[in-house]
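Have a look at the structure below, then the notes.
The values are calculated or read from the model by the stated rules, or taken from the named source; none is laboratory data. Quick caveat, the model's predicted, so the values are computed rather than measured. Note that we place each Cβ from the backbone using ideal geometry, even for glycine, and neighbour counts take in every protein chain shown. These area figures cover heavy atoms from the full protein model, side chains too; ligands, DNA and RNA do not enter into them. Shrake-Rupley method; radii C 1.70, N 1.55, O 1.52, S 1.80 Å.
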Amino acid sequence: MARARGVRLLALESVDSTNDEARRLIETGERGPLWVVAARQTGGHGRLGRQWISPPGNLHASLVLSDFGATAIAPQLGFVAGVAALRALRATTEDVGRFALKWPNDLLIEGAKLGGILLENVSAQTGDARAPVASVAIIGIGVNCAEAPKGLPFEARALTSVGPNAPDAARLFSHLSDALVEALDLWRGGEGFAQIRDEWLKHAAYLGAPIRVELPRETIEGRFATIDATGRLILATPSGERMVEAGDVSLGPRRIAAGGVA
Ligand code: BTN
């Protein structure tokens, strides 16, 4: 389906990072839609500049996408990709309920990290004097299909933990690429974000639970109330609602009373 809709594929044996390769291609004129997929990455990276260990057997894929709408709504693409990844995981494992989406862009299996999404934007020349610069998105998706890294400060798990019928990276990618076309259709350049948000929230980890959000200069605690119309996390705290644009979420230790921390 993705191919029929004009989405091309560049399959590589090894690359530093599929997101970095996508960026280089954009800089030389690529505008997508194009998937850059690599069997292994030597310099894979995740959110906040963290290393993303990328051995053969895991999925490493980045979609180059332009003409998706205003730059301001680009962060919504992380939720579109999350919904697509969740659909692909459920379809290929026939296993509802094991998977969850953790704000902002993590994929979980039974509470352990299974994968993540790294969304980046590149400002590209359009050649049009009226609007000379446009935003091109790179949606990078990594899934620990075969192997999960060890020694992290949180638990990570591989998809093989679902059993012998776990999909390999190629099968998961084939479902994911179609699921992302479908989710982008649902999103409709932002008009359908409410539907994406509803589906995302149905599978959200820790929704309604006490959480702790680590921000660059402070850690805040509260109840994970919802995400808003732009994808920000809404935290209910004793001093009112806090809107969070970026941060690291973990389950909070304290009891939360209605509307805030007890
Ligand atoms: C995260 O959880 O921090 C996001 C991880 C994103 C990893 C993927 S793998 C494909 C693409 N290439 C990269 O270097 N990163 C993303």
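Listing for the model above:
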quantity	calculated
Among residues of the stretch 14-49, those that are within 9 Å of the ligand (Cβ to nearest atom) and modelled with pLDDT of 95 or more, counted	16
Residue within the stretch 105-127 that is open to solvent by less than 10 Å² (accessible area, probe 1.4 Å), away from the ligand (no atom under 16 Å from the Cβ) and closer than 29 Å to G32 by Cβ present	yes
Filtered residues of the stretch 1-16 (kept if open to solvent by 80 Å² or more (accessible area, probe 1.4 Å) and either under 22 Å from E182 (Cβ atoms) or in contact (Cβ under 8 Å) with a residue 40 or more places away in the chain (or both))	M1, R3, A4, R5, R8, L9
Selection within the stretch 84-111 - touching a residue at least 12 places away in the same chain (Cβ under 8 Å) and among the aliphatic types (A, V, I, L, M)	A84, A85, L86, A88, L89, A91, A100, L101, L107, L108, I109
Filter result for the condition that a residue is in contact with a helix residue (DSSP H, G or I) (Cβ under 8 Å, 6 or more places away or on another chain), polar (S, T, N, Q) and not in a loop (DSSP other than H, G, I, E, B), over S174, S135	S135
Evaluation of I211 against (1) open to solvent by 10 Å² or more (accessible area, probe 1.4 Å); (2) at pLDDT 95 or above; (3) under 23 Å from R98 (Cβ atoms) (one fails), failing number	(1)
Conditions (1) modelled with pLDDT of 95 or more; (2) open to solvent by less than 50 Å² (accessible area, probe 1.4 Å); (3) out of contact with any His (no Cβ under 9 Å at 6 or more places or on another chain): number failed by G140	(3)
Residue within the stretch 83-90 that is away from the ligand (no atom under 16 Å from the Cβ), basic (K, R), open to solvent by 10 Å² or more (accessible area, probe 1.4 Å) and touching a helix residue (DSSP H, G or I) at 6+ places or on another chain (Cβ under 6 Å) present	yes
Residue match in the stretch 227-242 (condition: surrounded by fewer than 18 Cβ atoms within 10 Å (Cβ to Cβ), within 29 Å of G69 (Cβ to Cβ) and touching a Gly at 6+ places or on another chain (Cβ under 8 Å))	yes
Residue identified as under 22 Å from A39 (Cα atoms), surrounded by 18 or more Cβ atoms within 10 Å (Cβ to Cβ) and of a type outside the set (D, E, K, R) among A100, A148	A148
